[in-house]
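Shown next, in structure tokens, is the structure this report addresses.
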Amino acid sequence: MHRCPWLVLLSMLLVAVALASGQARDGGDALARIRAEGLQRSRALELYRTLTDDIGARLTGSPAHMQSARWARDRFAEWGLANPQLEPYEFGRGWQLEHVSAAMTEPRYMPLIAYAEAWSPSTAGVVSGRAVYIGDKTAAQIQAMAGQLRGAIVLTHLPVTDFVIRDRPQPGLSEGKVATGNPTLPQARSTTPVAELIPLLGRMGAAVALRPSAYRDGTVGVTGNRATASDAVPSIVIAGEQYNVLARLAAQGRSVSLRVELRTRYFEEDRNSYNVIAEIPGQDPKLRDEIVLLGGHLDSWHTASGATDNADGAIAVMEAMRILRAMGTAPRRTIRVALWSGEEQGLLGARAYLAQHFSTPVARNQLAVYLNDDPGSGKTLGFYMEGNTAAKAIFDRWLAPLQDLGATRNIIEGIGSTDHVPFNEAGLPGFNVIKDFTAYDERTRHTNADYPERMTEDALKQSAIVMATFAWQAAMLDGTIPRMPAK
């Protein structure tokens, strides 16, 4: 592709300016202390185990999320951070899974790996009976089955033939342009589109709808819709291979009987959710009102324990703040931390924070940079640079001393679907870390397999050190991190 000579020259000048201005007053001593604190006195594993083992899944709006938010705020207060607080925004009703069980009872007994979709209502007690298979039926055919569907356990989808079997490419581990962003994964299919099918079942009085997960080997991917009506048909997701057994037998006209029970609870009293905010105040009279913001989302979906999505990212930024506070040296700019909620429902916490704090040009000018830790697991490999060549020149300088810890490279490409995106949309410099995606898309992301065994203590320590190092460098920077136009 032909490029205009003046554009090439301008790009070279911007990089040169960035390199010249991207000097931090660190003297190397502060960076050495960050590393020593993060390696020798780390609390990352302890914090990670509390978040994943003790608290567990943290669906936005659930009591567990509130427990985790209060716990994080209290840790920030314990470490001496300034202004630790829970900052509210309107979210809507909360939800909690209290019990789910499902089993095939005929032609033989088989316990099923089953999870409710978030915000599903409960079943009317224990529902037992012959399963009705409609995965291969049109809407007209389903309407003709009205007598069979009232009070029935309904198998809504076709058997799964296309399973999730691979992860996205691995950014940061190979040279050359890479594809980034959430991959398009196989989905379970039904002859009648789900948007038409579920309301139809509701009108016919079905007792519960069962659908398959497209993950394999007993892995169940489950999300949910917070707008689900409280009188909707209860919805449960079954491990794909097990669902296939049920659907094949039922499609052959065999008698397949099931026993299902689902108990859930809605929370209406407090329709807010909460971001967790704290900071280390800056001390430079000219720069202390500028903010280096680091964050990650604290919420998760409701299966497993949300370990790689996103307890590891939340702990990286928490431990980074602990490290920076333990140094006892004040930064020039203010370093602020935000643990977001509502990320899984559409980056809601980050968007609410932007609307509340960065809605004017003056306020937006005070944000020096936002550093986010979310998708993937394992060590931090670098940062996605969102096409910002000038900023990459600065970040490359900062990353170089961390290569012995496993930081490989920053890449010019960007990534979507996480909390730095609203910042970029507003023209603010927001960047997300690069993590390893091995067995992330295929196994742990939004599934019942997202447990802490996927992370090691070394990876938790390293990610916190990288985040603390970049936050400190940005807080001490003589110049500014260049911005891209608003999207």
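Laid out as a table, the results:
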{"item": "Matching residues in the stretch 186-207 - criterion: being under 28 Å from the mean Cα position of the chain (by Cα), outside any helix (DSSP H, G or I) and not basic (Lys, Arg)", "result": "Pro186, Gln187, Ala188, Ser190, Pro193"}
{"item": "Among the candidates Val276, Val292, residue that is β-branched (Val, Ile, Thr), at pLDDT 95 or above and under 16 Å from the mean Cα position of the chain (by Cα)", "result": "Val276"}
{"item": "Exclusive hit being under 35 Å from the mean Cα position of the chain (by Cα), farther than 30 Å from Thr60 by Cα and outside any strand (DSSP E or B), set Thr161, Thr123", "result": "Thr161"}
{"item": "Strands (runs of 3 or more DSSP E) wholly inside the stretch 290-388 that include at least 2 residues being closer than 30 Å to Val220 by Cα and in contact (Cβ under 8 Å) with a residue 40 or more places away in the chain", "result": "291-297, 334-340, 377-384"}
{"item": "Condition met for Val178 (surrounded by 15 or more Cβ atoms within 10 Å (Cβ to Cβ), of a type in the set (Val, Ile, Thr), modelled with pLDDT under 95 and out of contact with any strand residue (DSSP E or B) (no Cβ under 6 Å at 6 or more places or on another chain))", "result": "yes"}
{"item": "Index of the failed condition, Ser255 passing every other in (1) among the hydroxyl-bearing types (Ser, Thr, Tyr); (2) within 18 Å of the chain's Cα centre (by Cα); (3) over 26 Å from Tyr440 (Cβ atoms)", "result": "(2)"}
{"item": "Which numbered condition Val132 misses (of (1) in contact (Cβ under 8 Å) with a residue 40 or more places away in the chain; (2) under 20 Å from Tyr243 (Cβ atoms); (3) in a loop (DSSP other than H, G, I, E, B))", "result": "(3)"}
{"item": "Flag for Leu287 being surrounded by fewer than 24 Cβ atoms within 10 Å (Cβ to Cβ), over 29 Å from Asp53 (Cβ atoms), touching a helix residue (DSSP H, G or I) at 6+ places or on another chain (Cβ under 7 Å) and among the aliphatic types (A, V, I, L, M)", "result": "no"}
{"item": "Number of the condition not met by Asp450 [criteria: (1) of a type in the set (Asp, Glu); (2) farther than 30 Å from Ile113 by Cα; (3) part of a loop (DSSP other than H, G, I, E, B)]", "result": "(2)"}
{"item": "Residue match in the stretch 411-434 (condition: among the acidic types (Asp, Glu) and crowded, with 23+ Cβ neighbours inside 10 Å)", "result": "yes"}
{"item": "Subset of the stretch 66-104 (residues that are out of contact with any Phe, Trp or Tyr (no Cβ under 8 Å at 6 or more places or on another chain), within 16 Å of Phe267 (Cα to Cα) and in a helix (DSSP H, G or I))", "result": "Gln67"}
{"item": "Single residue of Asn424, Asn448 found to be within 30 Å of Lys286 (Cα to Cα) and modelled with pLDDT of 95 or more", "result": "Asn424"}
{"item": "Single unsatisfied condition, Ala139 versus (1) closer than 25 Å to Pro193 by Cβ; (2) surrounded by 15 or more Cβ atoms within 10 Å (Cβ to Cβ); (3) among the aliphatic types (A, V, I, L, M)", "result": "(2)"}
{"item": "Filter result (in contact with a Leu (Cβ under 8 Å, 6 or more places away or on another chain), closer than 17 Å to Asp162 by Cβ and assigned to a loop (DSSP other than H, G, I, E, B)) within the stretch 208-246", "result": "Ala214, Ala239"}
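The values are calculated or read from the model by the stated rules, or taken from the named source; none is laboratory data. Model, not experiment: these values are computed from the prediction. Ideal geometry is used to build each Cβ from the backbone, glycine not excepted, and the neighbour counts take in all protein chains shown.
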